[in-house]
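Scroll down for the structure; my scribbles are underneath it.
The values are calculated or read from the model by the stated rules, or taken from the named source; none is laboratory data. Note that the coordinates shown come from a computational prediction; the quantities given were computed from them, not determined experimentally. Backbone-built Cβ (ideal geometry, glycine too); neighbour counts: all protein chains shown. To get the accessible areas, we keep the full protein, side chains included, count just its heavy atoms, and leave off ligands, DNA and RNA. Shrake-Rupley method; radii C 1.70, N 1.55, O 1.52, S 1.80 Å.
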Amino acid sequence: MAKTTYAVEDIKAIIKEENVRFLRLMFTDIMGTIKNVEVPVSQVEKVLDNKMMFDGSSIEGFVRIEESDMYLYPDLSTWMIFPWESEHGKVARLICDIYNPDGTPFAGDPRGNLRRALADMEEMGFTSFNLGPEPEFFLFQLTEDGKITTELNDNGGYFDFAPTDLGENCRRDIVLELEKLGFEVEASHHEVAPGQHEIDFKYANAIEACDNIQTFKLVVKTIARKHGLHATFMPKPLFGINGSGMHCNMSLFQGEKNAFFDPEGELQLSQTAYYFLGGLMEHARAYTAICNPTVNSYKRLVPGFEAPVYVAWSGRNRSPLIRVPESRGLSTRLELRSVDPSANPYLALAVLLQAGLDGIKNEIQPPKGVDRNIYIMNEEERKAAKIYDLPSTLHNALKELRADAVMVDALGEHIFNNFQEAKRMEWAAFRQTVSAWEREQYLELY
């Protein structure tokens, strides 16, 4: 997305010209849910003067009731008018950072926390951390009264097009809306599973890329509903078919130069790229809790459905956790394949950046790349090649996160404590639930 720098006066002028009637002030909570405070345009002075308050105690994981007042500081570069009309006039949005009443950044704001990681990166001499995301989603049919079903909207397959891909019209409309909003869509296609779709957009610096992911989710859900469909970013909504991932293509830059590219290096990767890769490998089991943050995430990370299960990397092979796509020069990047779209993008990018920076600081050499299909290797062969499993449950992933000081620090105390507590409760609730599978297996047998 081409960034435009707006001044306060520009925004006021656009509001008048475009007949904007409402301002949607958006932010993301610790769980990755988009929140918004919608105000009439009469409040624009207050909004642009950073004087807009909200009750932080009503947002999970933010603050206690006795310290509830928080301020929304809009980031003017995120100004955007939504292309769909509301019956009461146009709606514009601004993404906000969250501040305490004393004017200091709020430690529980995921977007602010990512800024902290980026400041560490800049101290090390890098100017930007870029992300090209590949989010996948499913389209399910809605009933006539708007209830969500698990009926898929098509029987399409990878790269199919109509007539089997009935989601094509919906996906085309999503792409058109994204382009109206300034997204540069690079690819849009049906994914492997029936009802599953992927739309890839151009890489951007970390904060902008995370803002784009959150905007993307909002657009996808809004347009799907207009087609009588429900779009879900749940990692594994159906048994027996591929789940949805959000592969993350990452690169570090120093000015105009891609710090991962070295024409003389092995695979044309720089020593910096190898150390960053070493850090990603070193901390993989711990950051899985952030990149795969739901009980359901671990139903996707199983052998046989394209999602990675093992901590390994390769220049070619698609079965490991991290691969190095073919492009070189400015497009040199590392692709992490475990992340799923239920992840809070701001938290995921903060832990991934800090894992890579730790690799650079401590010169962590990655193990040898694996060019065999890991799924057909036995346990002894995997052990010999130093290939470890990713955590198999949210519970195990949280244990790994707690034990990794670098990853805990990447989240900061407030976010780490609140994230861990919420996820501990999620796991406890899941453990107490008796599933249909258990009844089918055991009710008659015992």
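Side notes on the structure shown:
- Hits in region 406-420 (condition: within 13 Å of Ile30 (Cβ to Cβ) and crowded, with 23+ Cβ neighbours inside 10 Å): Leu411, Ile415, Phe419
- Qualifying positions in region 270-286 - within 17 Å of Ala348 (Cα to Cα), buried (at least 22 other Cβ atoms within 10 Å of the Cβ) and in contact with a Phe, Trp or Tyr (Cβ under 9 Å, 6 or more places away or on another chain): Phe276, Leu277, Leu280, Met281, Ala284
- The one condition from (1) part of a helix (DSSP H, G or I); (2) under 30 Å from Glu123 (Cα atoms); (3) open to solvent by less than 40 Å² (accessible area, probe 1.4 Å) that Leu330 does not meet is (3).
- Matching residues, region 1-42, being assigned to a loop (DSSP other than H, G, I, E, B), within 29 Å of Phe419 (Cβ to Cβ) and either open to solvent by 60 Å² or more (accessible area, probe 1.4 Å) or in contact with a Ser or Thr (Cβ under 8 Å, 6 or more places away or on another chain) (or both): Gly32, Thr33
- Complete set of residues in region 98-120 that are buried (at least 21 other Cβ atoms within 10 Å of the Cβ) and touching a helix residue (DSSP H, G or I) at 6+ places or on another chain (Cβ under 6 Å): Gly108, Pro110, Arg111, Asn113, Leu114, Ala117
- Of Asn378, Asn418, Asn373, Asn344, all but one fail to be polar (S, T, N, Q) and modelled with pLDDT of 95 or more; the exception is Asn344.
- Annotation: Phe54 fulfils all but one of (1) open to solvent by less than 40 Å² (accessible area, probe 1.4 Å); (2) modelled with pLDDT under 90; (3) assigned to a helix (DSSP H, G or I); the unmet one is (3).
- When Arg285 is tested against (1) closer than 26 Å to Asp404 by Cα; (2) touching a Gly at 6+ places or on another chain (Cβ under 6 Å); (3) not aliphatic (A, V, I, L, M), just one condition goes unmet, and that condition is (2).
- Of all residues in region 182-239, those being without any contact (Cβ under 8 Å) to a residue 60 or more places away in the chain, buried (at least 20 other Cβ atoms within 10 Å of the Cβ) and either outside any helix (DSSP H, G or I) or under 17 Å from the mean Cα position of the chain (by Cα) (or both) number 6.
- Answer residue from region 287-327, given it is modelled with pLDDT of 95 or more and among the aliphatic types (A, V, I, L, M) and is surrounded by the most Cβ atoms within 10 Å (Cβ to Cβ) among those: Ala289
- Sole residue being of a type in the set (Lys, Arg), under 18 Å from Ala307 (Cα atoms) and not in a helix (DSSP H, G or I), chosen from Arg372, Arg382: Arg372
- Filtered residue count, region 208-222, keeping only those that are touching a helix residue (DSSP H, G or I) at 6+ places or on another chain (Cβ under 9 Å) and farther than 17 Å from Pro110 by Cα: 4
- In region 161-181, the residues that are surrounded by fewer than 17 Cβ atoms within 10 Å (Cβ to Cβ) and either hydroxyl-bearing (Ser, Thr, Tyr) or at pLDDT below 85 (or both): Phe161, Ala162, Pro163, Thr164, Asn169
- Residue pairs whose Cβ atoms lie under 7 Å apart, separated by 6 or more positions or on different chains, with the first residue in region 388-401 and polar (S, T, N, Q) and the second surrounded by 18 or more Cβ atoms within 10 Å (Cβ to Cβ), are Ser392/Tyr298; Thr393/Tyr298.
- Residues of region 386-401 that are touching a helix residue (DSSP H, G or I) at 6+ places or on another chain (Cβ under 8 Å) and surrounded by 14 or more Cβ atoms within 10 Å (Cβ to Cβ): Ile387, Tyr388, Leu390, Pro391, Thr393, Leu394, His395, Ala397, Leu398, Glu400, Leu401.
- Yes/no for Phe140 being touching a residue at least 12 places away in the same chain (Cβ under 8 Å), outside any strand (DSSP E or B), hydrophobic (A, V, I, L, M, F, W, C) and out of contact with any helix residue (DSSP H, G or I) (no Cβ under 8 Å at 6 or more places or on another chain): no
- Filter result for Glu45 (surrounded by fewer than 12 Cβ atoms within 10 Å (Cβ to Cβ) and more than 24 Å from Leu176 (Cα to Cα)): yes
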